[in-house]
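Read-outs: derived from the displayed coordinates by stated rules, not from any lab. Everything quoted here is computed from the prediction, not taken from an experiment. Quick reminder, even Gly has a Cβ in these numbers, built from the backbone with ideal geometry, and neighbours come from all protein chains shown.
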């Protein structure tokens, strides 16, 4: 392996992470709709700095670089899927977050849970079926992933889809649930004389 191998791995990862950050900024420049609490706490500067160790660690292994690229593209596409609405919502992402908080207060937890399961159905289940099919046809999946073959990249991309399905479900549910709890606690504070 030479310098070009490491450089390409870093470039692939940096490109993917940039897509994620730029698409997040596009939809929520104030980070009011960011479901990742760490990113919300770190802000933009901290989030950008956080990408540096990711890129450095990934340069040594192409499959992980491809994984981060695939996952970042999926996240970016997910971020911008409803951006037109948020960007043209009166007050932008700040007022839209307040609107979500108000709506979350009216919803039942069961309904929030069921509605936020769509990423599991859309991304996780089909990709899991691919992994199971490959496992039954070819054998041990981890050995296949490190081979850097066409099949390994299919497994890597479907693995990114599975992770996105799980993470989207968990983060979206927790985000809406936190909004619901914040709204309920705000109302309780206003009711006390």
Looking at segment 141-160, which of its residues are over 19 Å from residue 73 (Cα atoms), touching a helix residue (DSSP H, G or I) at 6+ places or on another chain (Cβ under 7 Å) and in a helix (DSSP H, G or I)? 141, 144, 145, 151
If you go through segment 45-57, how many residues are within 16 Å of the chain's Cα centre (by Cα) and either free of Cβ contacts under 8 Å to residues at least 40 places away in the same chain or buried (at least 18 other Cβ atoms within 10 Å of the Cβ) (or both)? 4
Do you know which residues across segment 90-140 are surrounded by 14 or more Cβ atoms within 10 Å (Cβ to Cβ) and outside any helix (DSSP H, G or I)? 107, 116, 117
Quick check on residue 111: is it closer than 26 Å to residue 33 by Cβ and under 20 Å from the mean Cα position of the chain (by Cα)? no
If we scan segment 60-67, do we find a residue that is in contact (Cβ under 8 Å) with a residue 40 or more places away in the chain, surrounded by fewer than 19 Cβ atoms within 10 Å (Cβ to Cβ) and closer than 18 Å to residue 35 by Cα? no
May I ask you to list the residues in segment 48-89 that are closer than 30 Å to residue 141 by Cβ and outside any helix (DSSP H, G or I)? 59, 60, 61, 81
Expected single match for in contact (Cβ under 8 Å) with a residue 60 or more places away in the chain and closer than 30 Å to residue 60 by Cβ among 164, 135 is 164
Residue tally, condition outside any helix (DSSP H, G or I) and surrounded by 15 or more Cβ atoms within 10 Å (Cβ to Cβ), over segment 1-29: 1
